[in-house]
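Below: one structure, written as structure tokens.
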Amino acid sequence: MKGRKNTHDAVPPAPDPKRERTRRAMETLATFGLLLVAAGIAAPFINFGSGVWLVVFKWLYAAGAVAYAAARFTGSLGRDESFRVRRMRRLEFWAGVAFCIGAFFWFFNTRSFDGETLTFRMLNETILFTLVGALIQIVASWMLSSQLRKEQAMRDAASDKGGK
């Protein structure tokens with residue numbers, strides 16, 4: 001198009017060091033949230049027959065989902081990266097939203113069914129949204145890793161070219 005510059009060939013900006021520290025902290029929080037989600041979703045496989053454990057696992061899952069979504073939201077803020085990288089970081093946030101929806105359905109179905117007995121019918125939607133969130137997370141992290149490597153290679157090539 002006339003008047004528009006091609007931004008695909010432009011060298012992406014170098015990340016801000018302060019922003020990178022924040023992103024690393026948010027990655028750690030997101031990892032912790034994923035571990036809580038994994039521990040919470042283990043409830044159907046480690047059913048001890050007590051309603052107390054159902055409540056513990058439910059709250060573990062919900063806390064992990066909220067921590068993961070908050071970390072991904074905070075990590076996706078900022079305009080110091082290329083458009084593609086920002087878009088992939090926002091995609092990771094939507095995985096957190098899927099986990100939060102799964103937590104909502106777990107709470108909702110616990111009230112709809114008998115809250116003392118854990119059944120797969122009770123966790124049907126929770127398992128579904130957990131798998132959706134996991135799939136989004138896997139694809140987004142794979143694409144993000146690839147894009148960050150490409151941008152680093154472009155920055156390295158530009159610095160080598162400028163240094164000669």
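The values are calculated or read from the model by the stated rules, or taken from the named source; none is laboratory data. Small disclaimer: the values here were computed from a predicted structure and weren't measured. Remember, those area values only see protein heavy atoms, side chains included, never the ligands or the DNA or RNA. Shrake-Rupley method; radii C 1.70, N 1.55, O 1.52, S 1.80 Å.
At a probe radius of 1.4 angstrom, the accessible area of the stretch 32-151 per residue rounds to 54 square angstrom. Only protein heavy atoms count here; on that basis, with a 1.4 Å probe, Val55 has an accessible area of about 70 Å². Give me the percent of accessible area attributable to carbon and sulfur for the stretch 24-164, probe 1.4 angstrom. Whole-percent figure for carbon plus sulfur exposure: 70.
Applying 0.36 nm per residue to the separation of Phe104 and Val55 and subtracting their alpha-carbon distance, the gain on full extension is 16.3 nm.
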